[in-house]
Each structure stands twice: as C-alpha cells, then as structure tokens.
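The values are calculated or read from the model by the stated rules, or taken from the named source; none is laboratory data. If you're wondering where the values come from, they're calculated on a predicted model, not measured in any experiment. Every residue, glycine among them, receives a Cβ derived from its backbone with ideal geometry; neighbour counts consider all protein chains shown.
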Amino acid sequence: MKTSVSLRRFFNPSSVAVIGASRDAAKVGHSVLGNLKHNGYPGKLYPVNPNAKKILGLKTYPDLSSIRDAVDLAVIAVPARFVLDSVRECAGKGVRAAIVITAGFKETGEEGHILERQVLETAAAGGVRILGPNCLGLINTANGLNASFAPLMPRSGSIAFFSQSGALCTAILDWSLVRGVGFSKFVSLGNKSDISELDLLEYLADDPQTRVILGYIEGIANGREFMEKASEAVRKKPLVVMKGGGTAAGARAASSHTGSLAGSEKAFDAAFRQTGVLRAHTIEDLFNFALAFADNPVPEGPGLCIVTNAGGPGIIAADACERSTARMAELSSGTVAALRRSLPPTGGFYNPVDVIGDARADRYAAAMSAVLKDPGVDGALVILTPQAMTEVEGTARTILQLQGGKSKPVLACFMGGNSIRKGAEMLRSGGIPTYPYPEDGVRAFDALVRYRREREKPDPGFMHFDMDTERARGVISRAREAGRNELGEKDAREIVSACGFRTPRSALARTSGEAVKEAVKTGFPVVLKISSPDILHKTDIGGVRVNLRTPRDVEKAFLEITSNARRLMPGAMVWGCLVQEMVAGGKEVILGMTLDQSFGPMIMFGMGGIYVEALGDVSFRIAPVGALEAGAMMEEVRSFRLLKGLRGERPSDLNAARDCILRLSQLAVDFPEIVEMDINPLLVMPEGEGAVAIDARIVVNFPS
C-alpha cells in the first residue's frame, strides 16, 4: 500500500474512535476526545469506554464492535497491558489507522520492547498502520483534526512539523502561539514502531497545505531510504531537520584514522549535505528557517541588501553575510543615485544602506523601493532599532505594502522589546518573517540561498570503473579462511591495486639478505615497512624507514624494524618487511571509509600523513559518491589550497584525486564486508601525473 494512501486515514479520517476515552479531565483519554470535539473536526466521533454511557455529551460505546458505522482512525489511550487487545479489535473492525498514545513500551526496557513487537506484529497481520506508541498524537489544522493530548491547538499555516520527542512538541506548540507561527500538520512520532519520518516525508512532500517540512529526529534506522525520501522531498519543497542526541550515538572504538574521525554526527552531516536537507543546530534556527520559507519566494541569487537605521546592527548583519553562502549585493549606479536623492547626506548609499537614526517610515519606503528594483539585489533584510523619531508601526506598514507582490524575499529585524512589539506583530501577521537579531535574519536568508542552490544542483555524475573484483574478492576470502579481520598492507595493497589504484612497486622480504636483493631489483632509494597483519600503525613502533640509498642502509633498517616489532609487540605475527619503491613528489592526502550503522559506507577525504587526526582537516560523504560530490569533498578541506598550488607551484592532479575518491566509493559499495579502510598517504602528483596509494589497511567483518 502506498504511503500517501495509508496515511490519508490519519490526516483526513471521516470518523475517529477514542479507545480509552475518559470522563476524568485528568486522563489522556479525556484530553484527546476534548481536542477532537472542540477544535472543529467535522467527522464522527466515537468514545469507547465500557464503563460510561456518555462522555463530553457524546454517546459512548463499550467496544469497537458495538459501533455500527465504519471507523477510519482509532486513537488508543488505554494502559499498555490493554493495547494489544485494542489493536486486535481494530483489525477485527477493519480500522486501518491507529494512533497509540500509550507509553510503557520499548522505552521502558526489555518487557516493553517485547510488548511493542507483539503489538506491531498483530497490527501488521491485521492491516493496521500504527503511529507511536508513546506519542503525543497528530494534528491537521486544515480540517480541525486534533488527535492528540496537546494542551493547545496551533494556528493554521504552511509549516509541517514532525518530532520524535513529544515533550518538545508541546513546548514548540506553546512557543508557536507566542510567535504567531502556523502549522499545516503537526506529528509526534514516539517510538516509531511502524510509521516513521520516511512515511511522513513521502506524504508531506505532496501535501498541498505544506510549503516547508520541519523535523526533529534522534536516530534513523534506515539511513539509505531516508536519503532517497529526503532527496525526493527536497525537489518539491524545503526540508529542515534538527538532529538531537548524536554526539554519543554510534560511538565505538575504532582502530583506523577514518573510524576515529568519523561518527554519527559526521554521517548525518554528510547525508544531509548530499540530499539537500538544511540542518538546523538549534530549535531557534529550525523555526527561523521555516518562517523564511513559509512566507517568502526562493531568491534568484545570493545577493542580500541590508537597510538599517543603525550602523552597528548593519555591520553585524554584513559580517554575518560574509560568513555565509549569501553575499552582500553590489548596488547599481542607478540605485545609488536614487538613494542619494532620497536619503540625507550623512546616510549610507551602498550596502548596508543606512537611512540613519532619525528615519521615519517614508525614508524606509524610499530606500526599500530603490533597493528592491535593483536587479543585483535578490533579497533584503530591513533592520529597525527604536529611536526618538522612529515610526515602528508606520515602517511595518510600509514594508508590508512594498512586499505585496513578494517578487523577492524580504526579512525584517525589529530590535528591542515592548516598543517594537506591535510593529513586529504586524509584520508577522502580514507574512514578513521577523527576527530579534540581525544574525538570525541573515542565517534565514542564507537558508533560502542554499535551498536555491540545492534545487539547481546538476546531476551527481556517478561513474563506474572497471575493477578486478575477482582478485580483490580472493584476498578477502583468504582472510576469512585464515580467521583474520584486519588486513595488513600487503593484502590491502593488493585489493586497492585490483581496484585500479596505482601503487608503488613492492616485494616482501623475510630476511635482511632478501631485503637487499629486492632493493637492488627495485632501484634505490627504497622504503622499508614492517609486514604484519597485527601491526596496523607502523610508525608508532618505528616500523618504517624511508630514503634508504645503499644495501647497508637496507640491511640495517631491516634488522632495526623487525627488532622493534618483536620488542614492542611480542605477540604480533611478523612476516618480514616490505621493500617498496620510494615515490618522490606529490602532496599527501588520506582516503578512508568507515561503515556507519545508519547510512552504510561513509567516505573520507583529507590531509594525509601522520597529522590527520591532530588536524582533523577532513570531509565525509555517504557512498555511492558522484563526481560532483567528490569534487566538493576536496574543496571543503582547508588544505585544498595546497593541492591547487601556491606561490608558483604546479597544481596537483585534482582529476586523479577525484577518481580515487570515486574508486573507493565503488569498492565500498561492491564489498560490504569492508567496514573500515585507510589509504594513507595517497600521494597526489603534479597535474597530469596521477596519484599513488602509498600505504593501505583494511578491516573486514564477516556475517556469522
């Protein structure tokens, strides 16, 4: 059954039964029934309680089967031990949608988890979709449906909101009434036993009452499907999400550089960036962004013009703009001339446009009119501070009049308290997003700009490379037969070589004499590295020697390296040393992969060598990665300027580095057994000379 069909009964039911309706005003069942009755829901209501004849003036039924008519939606508010029977009743009655308000399930421990699973299995067998349990319920302002125990009914609007936290829902509802924020849909997900954010994204993306979707989540079970649904939704309307509880989620010991630098938050950041989801880091930003989208057109470009009656707040806004993806619009000569005619000689005629402190509403009108006509201006932020001559309400009316057509987004920042309150309320009521501080307004405009860029982003440019997958699979199979999960450099290098990475010439030497012979074959200078499946970070035990130029150097290095290994890691299996061609030149970067429990393989790119963990100059994406994202990954790291070439240096081979990211992404998707991997360093040679994987290590995990 399609989600849009299955959720329609939740949001647009023709009849609702409240199982556990109560005469006691302190009970949840009373609150739910009261909300349904008193907020304009036009459908039929059926209270269900075997111990009452009437509740809130409505005929009450002892059970569902006593209701002669069909029931579209059931709201279950009975103690947890009775919920399973209620769900069976729903299935028997043909009810296909149920909201389980009741708590006491998996959030309480193992017994609750078992009960929740039983409820879900029974519902699935009977064709019943479940919202909850342990949820506040849901609200649809379009038809007056308040199937929740929230103490307040929100205003009607174009913002849809879903949340895993019921307590957060009630706080936001209270806040929204103070701020004048309206909602189209309001949903508490609770334990997400059945219906999750995935279902809601699909439904809300096509909901005609919704212009922007907001969500608060604490975790996602199926990250891959979330990315698909989010991408589809973003193509239709903005999606703003706040992620909570991520700093400790998914934490585990990780032996690789990539594993130690990655984590749940990095995965969510990468997934949101790839799908166009706008991430809000505070509740304030969540709704500041939403207000901008709900009441404004998306700007044609990034150019913001600031109109202010106070220099300081204008400068603060300009600083915030320079730190964002938006930019300060450059005003045309015609606009500057118009401003000179309209403003006092002491005003500011460029950007920010300063109408100065004694500006009345007419001066704001002249400045705004000139600015909004400028083709280089894509949006405006109007800042007002209450001064002796300021006409707060008159200026608010002026802004509303000028913005009647809404061809460009206009945001307002009315700074102050009681003296600006009425003007701010006028703007909010008239559909102008209004913020208390300049930075808030700039961040909101920046969200509009970023969404515009996401909608215009070209095809990701997925590529497929010919790889010797059988050779790579053979290495992994041998490791499985040997009971090894961690592959040393020799095996890891064979895998990356099979996948098309260029690697240095290398040979295993079991004795110092063999090392000298191999060095002579390879050609001096050479590099010696300890070869052991148990020693992953070779430099930590003195297991690497570089720039060895003579047979004597090689012999001495071999003895020192193997001696260090046996002394510092006596339990390690030592195969000998790898004698490796020394590759000169190039810039060191790191490529890595780690398996995120929600999203799957996550690819890392960053500054390489031994300093990667100390500097943390890395970027992440979820595999599969396209050429567009691979390029963006490189540009995000601060050291990217080194790759482009500084002070006359030849630029590095960026195309080769990009292709290495794409090859690693393909490897990660093709071999789900690989859970961690580093190629460190990857030497990116000068432009046109490719890249060389100098060292590699891989961790695999085989299903039992």
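Can you tell me which of 97, 124 is modelled with pLDDT of 95 or more, touching a Lys or Arg at 6+ places or on another chain (Cβ under 6 Å) and of a type in the set (Gly, Ala, Ser)?
Every option except 97 fails the conditions.
Can you tell me which residue is surrounded by the most Cβ atoms within 10 Å (Cβ to Cβ) among those in the range 597-635 that are under 19 Å from the mean Cα position of the chain (by Cα) and modelled with pLDDT under 90?
Result: 598.
For the range 621-631, which positions are touching a residue at least 40 places away in the same chain (Cβ under 8 Å) and either under 20 Å from residue 687 (Cα atoms) or not small (Gly, Ala, Ser) (or both)? Steps first, answer last, please.
Quick first cut of the range 621-631, residues touching a residue at least 40 places away in the same chain (Cβ under 8 Å) only: 621-629.
If the condition is that a residue be touching a residue at least 40 places away in the same chain (Cβ under 8 Å) and either under 20 Å from residue 687 (Cα atoms) or not small (Gly, Ala, Ser) (or both), then 621, 622, 624, 625, 627, 628, 629 are the ones that fit.
How many residues are part of a loop (DSSP other than H, G, I, E, B), surrounded by 17 or more Cβ atoms within 10 Å (Cβ to Cβ) and within 38 Å of the chain's Cα centre (by Cα) when one looks only at the range 1-38?
1
May I ask you to list the residues in the range 177-207 that are touching a residue at least 24 places away in the same chain (Cβ under 8 Å) and farther than 27 Å from residue 275 by Cα?
177, 179, 180
Considering only residues that are surrounded by fewer than 22 Cβ atoms within 10 Å (Cβ to Cβ) and either assigned to a helix (DSSP H, G or I) or touching a helix residue (DSSP H, G or I) at 6+ places or on another chain (Cβ under 6 Å) (or both), which ones fall in the range 155-171?
Residues satisfying the conditions are 158, 166, 167, 168, 170, 171.
Among the listed residues 40, 20, identify the single one that is under 23 Å from residue 84 (Cβ atoms) and either touching a Gly at 6+ places or on another chain (Cβ under 7 Å) or touching a residue at least 60 places away in the same chain (Cβ under 8 Å) (or both).
Only one candidate passes the filter, namely 20.
Condition test on residue 428, is it touching a strand residue (DSSP E or B) at 6+ places or on another chain (Cβ under 6 Å) and either assigned to a loop (DSSP other than H, G, I, E, B) or at pLDDT below 95 (or both)?
yes
What's the number of the only condition in (1) assigned to a strand (DSSP E or B); (2) of a type in the set (A, V, I, L, M); (3) out of contact with any Leu (no Cβ under 7 Å at 6 or more places or on another chain) that residue 78 fails to meet?
Answer for residue 78: the failing condition is (1).
When you scan the range 172-187, how many residues do you find that are assigned to a helix (DSSP H, G or I) and in contact with a strand residue (DSSP E or B) (Cβ under 8 Å, 6 or more places away or on another chain)?
4
Count, please, the residues in the range 339-360 that happen to be part of a helix (DSSP H, G or I) and surrounded by fewer than 19 Cβ atoms within 10 Å (Cβ to Cβ).
To start, the set of residues in the range 339-360 that are part of a helix (DSSP H, G or I) comprises 339-342.
Of the ones still in play, those that are also surrounded by fewer than 19 Cβ atoms within 10 Å (Cβ to Cβ) are 340-342.
Residues flagged as part of a helix (DSSP H, G or I) and surrounded by fewer than 19 Cβ atoms within 10 Å (Cβ to Cβ) within the range 339-360 amount to 3.
For the range 292-320: of the residues being in contact with an Asp or Glu (Cβ under 8 Å, 6 or more places away or on another chain) and assigned to a helix (DSSP H, G or I), which is farthest from residue 444 (Cα to Cα)?
Looking at residues that are in contact with an Asp or Glu (Cβ under 8 Å, 6 or more places away or on another chain) and assigned to a helix (DSSP H, G or I), I get 311.
Name, by its number, the condition in (1) of a type outside the set (Lys, Arg); (2) crowded, with 18+ Cβ neighbours inside 10 Å; (3) touching a residue at least 24 places away in the same chain (Cβ under 8 Å) that does not hold for residue 702.
(2)
Taking the condition buried (at least 24 other Cβ atoms within 10 Å of the Cβ), in the same structural domain as residue 33 (by TED's automatic domain parsing) and touching a helix residue (DSSP H, G or I) at 6+ places or on another chain (Cβ under 8 Å), does residue 149 pass?
Judged against the criteria, residue 149 is not a match.
Quick check: is even one residue across the range 541-552 crowded, with 21+ Cβ neighbours inside 10 Å, assigned by TED's automatic domain parsing to the domain that holds residue 676 and assigned to a loop (DSSP other than H, G, I, E, B)?
Scanning the range 541-552 turns up no residue that is crowded, with 21+ Cβ neighbours inside 10 Å, assigned by TED's automatic domain parsing to the domain that holds residue 676 and assigned to a loop (DSSP other than H, G, I, E, B).
For the range 69-103, which residues satisfy the criterion of being over 21 Å from residue 134 (Cβ atoms) and touching a strand residue (DSSP E or B) at 6+ places or on another chain (Cβ under 6 Å)?
Across the range 69-103, the qualifying residues are 71, 72.
Does the range 480-493 contain at least one residue that is in contact with a Ser or Thr (Cβ under 9 Å, 6 or more places away or on another chain) and at pLDDT 95 or above?
Going through the range 480-493, the residues in contact with a Ser or Thr (Cβ under 9 Å, 6 or more places away or on another chain) turn out to be 486, 488-490, 493.
In the following step, the residues that additionally are at pLDDT 95 or above were identified as none.
The answer is no, given that none of the residues of the range 480-493 is in contact with a Ser or Thr (Cβ under 9 Å, 6 or more places away or on another chain) and at pLDDT 95 or above.
Which one of these is in a loop (DSSP other than H, G, I, E, B), surrounded by fewer than 24 Cβ atoms within 10 Å (Cβ to Cβ) and in contact (Cβ under 8 Å) with a residue 24 or more places away in the chain: 103, 124?
Of 103, 124, the one residue that is in a loop (DSSP other than H, G, I, E, B), surrounded by fewer than 24 Cβ atoms within 10 Å (Cβ to Cβ) and in contact (Cβ under 8 Å) with a residue 24 or more places away in the chain is 103.
Could you check how many residues of the range 480-495 are part of a helix (DSSP H, G or I), under 36 Å from the mean Cα position of the chain (by Cα) and more than 23 Å from residue 661 (Cα to Cα)?
So the count comes out to 1.
Among the listed residues 339, 372, which satisfies the condition of being in contact with a strand residue (DSSP E or B) (Cβ under 7 Å, 6 or more places away or on another chain), under 26 Å from residue 453 (Cα atoms), in the same structural domain as residue 443 (by TED's automatic domain parsing) and among the hydrophobic types (A, V, I, L, M, F, W, C)? Don't jump to the end; show me each part of the working.
On the way: 339 fails: under 26 Å from residue 453 (Cα atoms).
Step by step, each of 339, 372 is checked, and only 372 is in contact with a strand residue (DSSP E or B) (Cβ under 7 Å, 6 or more places away or on another chain), under 26 Å from residue 453 (Cα atoms), in the same structural domain as residue 443 (by TED's automatic domain parsing) and among the hydrophobic types (A, V, I, L, M, F, W, C).
Of the conditions (1) modelled with pLDDT of 95 or more; (2) assigned by TED's automatic domain parsing to the domain that holds residue 346, residue 277 clears all except one; give me its number.
(2)
What number of residues in the range 387-421 are surrounded by fewer than 17 Cβ atoms within 10 Å (Cβ to Cβ) and not charged (D, E, K, R)?
Residues in the range 387-421 being surrounded by fewer than 17 Cβ atoms within 10 Å (Cβ to Cβ) and not charged (D, E, K, R): 12 in total.
If residue 435 satisfies every condition in (1) in contact (Cβ under 8 Å) with a residue 60 or more places away in the chain; (2) surrounded by fewer than 18 Cβ atoms within 10 Å (Cβ to Cβ) but one, which is the exception?
Evaluating residue 435 over (1) in contact (Cβ under 8 Å) with a residue 60 or more places away in the chain; (2) surrounded by fewer than 18 Cβ atoms within 10 Å (Cβ to Cβ) leaves (2) as the failure.
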